[in-house]
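The values are calculated or read from the model by the stated rules, or taken from the named source; none is laboratory data. Since the structure is predicted, the reported quantities are computational estimates derived from the model, not experimental observations. All Cβ positions, even for glycine, are placed from backbone atoms using ideal geometry, and neighbour counts span all protein chains on display. For the accessible areas, the whole protein counts, side chains as well, though only heavy atoms, and no ligand, DNA or RNA atoms are used. Shrake-Rupley method; radii C 1.70, N 1.55, O 1.52, S 1.80 Å.
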Amino acid sequence: MTRLSATIVGGGIFGLWQAYELARRGHDVTLYEAMSEAETGGASRFAGAMLAPYCEAEGAEPIVQELGVRGLALWRKAVPQIVMNGSLVVAASRDQGELARFARMTEGHRAIDGSTLGELEPELGGRFGRALWYPDEGHMEPRLVLAFLMGEIRRLGGTLHFGSAVPTPVWRAGSDGGVVIDCRGLAAREDLPTLRGVRGEMAVLRSREVKLTRPIRLLHPRFALYVVPWSDNRYMIGATVIEREDAGPVTVRSALDLLGTAYALHPGFGEAEILELSAGVRPAFPDNVPRIVAKGRRLLVNGAFRHGYLLAPVMAEIAATYLETGATHPILDVD
Ligand SMILES: Cc1cc2nc3c(=O)[nH]c(=O)nc-3n(C[C@H](O)[C@H](O)[C@H](O)COP(=O)(O)OP(=O)(O)OC[C@H]3O[C@@H](n4cnc5c(N)ncnc54)[C@H](O)[C@@H]3O)c2cc1C
């Protein structure tokens with residue numbers, strides 16, 4: 001096999017996985033990221049990092065679940081820290097219609113009653129009479145995983161450059177017969193005219209009173225928000241989905257929705273500390289399915305929408321296989 005020389009632009013979850021996969025396969029890898037190492041990742045810094053192919057199918061094209069199941073398997077092989085204890089979906093008693101609809105729209109779940117819910121999450125047992133349990137889903141902490149991947153890329157001999165944006169003409173020209181993989185997220189819009197940004201707001205809380213061990217979605221007719229347990233008694237509350245492209249401060253309405261969801265799920269969150277209220281902008285194509293666009297020796301890997309963590313490994317697998325063998329895939333367009 002010919003050893004490739006790959007330049008990756010963008011150190012979000014897509015770019016880091018592209019670099020990791022190629023380095024793992026024995027290729028030369030150099031990644032350039034505009035931000036500092038501590039701040040790398042645009043949307044990727046604000047994700048919940050739920051690996052939820054079945055739950056996400058509720059509002060996504062079928063291919064997202066198909067790719068997501070593969071993505072989850074690749075994560076499990078690469079990163080031992082992934083928590084694989086499933087996820088839960090609950091609704092208030094007045095919103096049971098939402099729970100029934102969610103069950104109809106998704107696979108991979110078991111309908112459970114309040115006492116089984118109490119075995120899984122003792123602090124929720126008395127609060128909800130029914131739930132959906134998705135035992136084969138996972139989650140992780142995004143900023144720890146970004147750092148883990150950077151360490152792995154270096155261990156495999158890759159080079160990472162932080163703190164300076166690569167001027168477009170430099171990498172567009174390609175590098176001496178090598179390949180260039182553009183993972184700039186929304187910044188690649190001038191090359192991908194249908195790409196748009198979808199704002200997502202999130203909160204990070206710290207609570208010593210609340211003990212939850214897996215992601216939990218609380219359905220509501222107006223929105224479906226969730227709580228993801230992180231380390232050190234922290235919980236990520238996410239995420240709004242707003243058709244706007246600014247990553248400016250979180251609005252009062254969104255903060256009320258996020259914090260209200262946490263409190264409705266578990267009143268113990270009333271005493272939690274608010275550590276962070278942030279917004280990220282997800283890059284998305286019109287159908288919210290990611291794509292790889294091949295233009296000669298340049299690949300653009302983009303459009304992760306709500307599924308960047310879930311799908312990053314499988315996007316990297318498809319791109320690396322294409323570069324090595326020319327094999328195509330339904331989500332790979334050769335321009
Ligand atoms: C609140 C929220 C919650 C989410 N929850 C989940 C979840 O639970 N599960 C899930 O799978 N997904 C989730 N997502 C979606 C996920 O975060 C995104 O799909 C993903 O982060 C997109 O990754 P990316 O690498 O394509 O883009 P980005 O993370 O935006 O990275 C692009 C990078 O390119 C860099 N860059 C841009 N231009 C240049 C240049 N010229 N030179 C060098 N570098 C450049 C940027 O600085 C940035 O670091 C969530 C998103 C949000 C906002």
Got at least one residue in region 210-218 being among the charged types (D, E, K, R), under 24 Å from residue 58 (Cα atoms) and crowded, with 17+ Cβ neighbours inside 10 Å? yes
On the basis of being in contact with a Leu (Cβ under 9 Å, 6 or more places away or on another chain) and closer than 27 Å to residue 278 by Cβ, does residue 166 make the cut? no
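Results for (1) over 30 Å from residue 135 (Cβ atoms); (2) more than 10 Å from the ligand (Cβ to nearest atom); (3) surrounded by fewer than 24 Cβ atoms within 10 Å (Cβ to Cβ); (4) not acidic (Asp, Glu), shown as yes or no for each residue.
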residue	(1), (2), (3), (4)
3	yes, yes, yes, yes
9	yes, no, no, yes
17	no, no, no, yes
29	yes, yes, no, yes
44	no, no, no, yes
51	no, no, no, yes
81	no, yes, yes, yes
Which residues, counting only those in region 113-126, are open to solvent by 10 Å² or more (accessible area, probe 1.4 Å), over 26 Å from residue 79 (Cβ atoms) and either among the hydroxyl-bearing types (Ser, Thr, Tyr) or at pLDDT 95 or above (or both)? 113, 114, 115, 116, 118, 119, 122, 123
One residue is enough: does region 175-184 have a residue meeting the conditions touching a residue at least 24 places away in the same chain (Cβ under 8 Å), of a type outside the set (A, V, I, L, M), open to solvent by 10 Å² or more (accessible area, probe 1.4 Å) and not in a loop (DSSP other than H, G, I, E, B)? no
Looking at (1) part of a strand (DSSP E or B); (2) in contact (Cβ under 8 Å) with a residue 60 or more places away in the chain; (3) of a type in the set (A, V, I, L, M, F, W, C); (4) surrounded by fewer than 22 Cβ atoms within 10 Å (Cβ to Cβ), which is the only condition residue 301 fails? (4)
Could you pull out the residue among 277, 256, 265 that is out of contact with any His (no Cβ under 9 Å at 6 or more places or on another chain), modelled with pLDDT of 95 or more and open to solvent by less than 20 Å² (accessible area, probe 1.4 Å)? 265
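Residue 206: of a type outside the set (A, V, I, L, M, F, W, C), in contact (Cβ under 8 Å) with a residue 24 or more places away in the chain and within 11 Å of the ligand (Cβ to nearest atom), yes or no?
Taking the combined requirement at face value, the residue does not satisfy it.
Just a yes or no: is a residue in region 242-253 part of a helix (DSSP H, G or I) and surrounded by fewer than 16 Cβ atoms within 10 Å (Cβ to Cβ)?
Restricting attention to region 242-253, the residues satisfying the condition of being part of a helix (DSSP H, G or I) are 252-253.
Among the residues that remain, those that are also surrounded by fewer than 16 Cβ atoms within 10 Å (Cβ to Cβ) are: 252-253.
Within region 242-253 (the criterion being part of a helix (DSSP H, G or I) and surrounded by fewer than 16 Cβ atoms within 10 Å (Cβ to Cβ)), the answer is yes, since at least one residue qualifies.
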